[in-house]
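Taking it in order: structure first as structure tokens, then the write-up.
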Amino acid sequence: MANVTKQDLIHRVTSSTGFVKSKVRVVVEQLLDLVGESLSEGNSIEIRGFGTFVNKERKSRPARNPKTGETVLLQSRLMPTFKFSAELKSAIAASEAIQQANENRSATQKIEAL
């Protein structure tokens, strides 16, 4: 599985819409900036059918400095998280099931060829 970069997203949107690449880049970068700004302001972002970006509080806890072995207390902090929508979870599960079926079929064909 390959990672999809911001440039890949821009290229895919440009290819599928026919819009000018420079304008698509501005829109994608603006969207990502707004998501980051909203999260830093403590807001959550819900995109129906996709998921929700939200800040979750991580409680303070003791940790160990690996270099010195000293115990330190990590303060509570907000961590940005993403919760998948039910629709996206279903689409991912269906995709994984298709991939698994194709792999099983390919393995069966290789065995039969022997």
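The values are calculated or read from the model by the stated rules, or taken from the named source; none is laboratory data. Just so we're clear, the structure is a prediction, and the values are computed from it rather than from any experiment. Here Cβ is always computed from backbone atoms with ideal geometry, including for glycine, and neighbour counts include all displayed protein chains.
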Taking segment 79-101 and the residues there that are surrounded by 11 or more Cβ atoms within 10 Å (Cβ to Cβ) and of a type in the set (Ser, Thr, Tyr), the one that is nearest to residue 57 (Cα to Cα) would be 81
Taking segment 32-61, which residues are over 16 Å from the mean Cα position of the chain (by Cα) and surrounded by 14 or more Cβ atoms within 10 Å (Cβ to Cβ)? 38
What number of residues within segment 17-52 satisfy the criterion of being among the aromatic types (Phe, Trp, Tyr) and modelled with pLDDT under 95? 1
Could you tell me whether any residue of segment 96-105 is within 18 Å of the chain's Cα centre (by Cα), small (Gly, Ala, Ser) and modelled with pLDDT under 95? no
With the first residue restricted to segment 70-87 and required to be modelled with pLDDT of 95 or more and of a type in the set (Phe, Trp, Tyr), and the second required to be part of a helix (DSSP H, G or I) and surrounded by 10 or more Cβ atoms within 10 Å (Cβ to Cβ), Cβ contacts under 9 Å at 6 or more apart or on different chains are none
